[in-house]
Amino acid sequence: MKNKMNLLRDLQEVDQEISSIEATRQSYREELDAFAADATRVQEMLDQLHDEVAMLQQAEAELQQGLLKERDNVSRVEARLPEIQTQKEYVAVLKEIDVAKKTNKDVEDQMQLKQQEVASLEEDIQEKEAELAAIHEKSAARGTELKQLLAESEEILIKRTQTRESVAAELPVSLLRKYHTLFKRRGGLALAQAHDGACLGCHMQLPPQQFNQLLQVKKLQTCPHCNRILYVELDT
Ligand SMILES: [Zn+2]
């Protein structure tokens, strides 16, 4: 029984180390994913800004086309002025020209507004491009580090897994199964030390008789409260 308990304690130690290595590896992977997610987020903003600029530029081009056409009309009407015979018609045509020029002025103002919007969006684009470049730069540097750390920790993980397999091979299957279940259900602590008559896994008092039996280390004892496998440090 003493030997089995020592093997179980070795097993728990290496299993705890494996869990901690796996948690660390998970955090490395999450950090890598976060860089990718950041880059995607900024890239999506950039795509949207480019779309907005394209729409504004198209609207401006349409306004420009209309304006050129309207200016042509004005020139044509103006060219007709010397041929006009009556005062009434002359006044009417002048009014027509005046209205057309005012409309053109409005269109020019609208075009200017679009140009200002485009200029402002282009500033945003530059800002986002700088942000994206910074993310890429940071993720390139840290990404190399993280991949190195992942490779190193994988090697250690393989070694620890080999150790755990060789320790596990020496234990009876039924005991291993019990241990595994407890390890999972009890947050990586399947074995708990009994000390001063209490289980240090759940900090509840053990029946005095059980504690005495534990000291003799004859058969496997579990805590009646948390079910963990109990062991005693005989020299403490
Ligand atoms: Zn307990």
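Let's see how each residue does on (1) assigned by TED's automatic domain parsing to the domain that holds Glu123; (2) touching a strand residue (DSSP E or B) at 6+ places or on another chain (Cβ under 8 Å); (3) surrounded by 14 or more Cβ atoms within 10 Å (Cβ to Cβ):
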{"site": "Leu8", "(1), (2), (3)": "yes, yes, yes"}
{"site": "Gln12", "(1), (2), (3)": "yes, yes, yes"}
{"site": "Ile18", "(1), (2), (3)": "yes, no, yes"}
{"site": "Arg29", "(1), (2), (3)": "yes, no, no"}
{"site": "Asp38", "(1), (2), (3)": "yes, no, yes"}
{"site": "Leu46", "(1), (2), (3)": "yes, no, yes"}
{"site": "Ala54", "(1), (2), (3)": "yes, no, no"}
{"site": "Glu60", "(1), (2), (3)": "yes, no, yes"}
{"site": "Lys69", "(1), (2), (3)": "yes, no, no"}
Failed item, numbered, when Leu149 is tested on (1) at pLDDT 95 or above; (2) within 16 Å of the ligand (Cβ to nearest atom); (3) over 15 Å from Asp15 (Cα atoms):
(2)
Here are some residues: Val91, Val118. Which one is in a helix (DSSP H, G or I) and modelled with pLDDT under 95?
Val91
Restricting the search to segment 190-220, which residues are over 43 Å from the mean Cα position of the chain (by Cα), within 11 Å of the ligand (Cβ to nearest atom) and in a loop (DSSP other than H, G, I, E, B)?
Leu206
Between a residue in segment 221-234 that is more than 8 Å from Ala192 (Cβ to Cβ) and assigned by TED's automatic domain parsing to the domain that holds Pro208 and any residue that is near the ligand (Cβ under 8 Å from one of its atoms) and assigned to a strand (DSSP E or B), which pairs come within a Cβ distance under 8 Å, given they are 6 or more apart or on different chains?
Gln221/Leu230; Thr222/Leu230; His225/Cys199
In segment 132-162, anything β-branched (Val, Ile, Thr) and surrounded by fewer than 16 Cβ atoms within 10 Å (Cβ to Cβ) is listed as Thr144, Ile156, Ile158, Thr161
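The values are calculated or read from the model by the stated rules, or taken from the named source; none is laboratory data. In this text, all values refer to a predicted model and were calculated from it rather than measured experimentally. Positions of Cβ are backbone-derived with ideal geometry, glycine not excepted, and every protein chain shown enters the neighbour counts.
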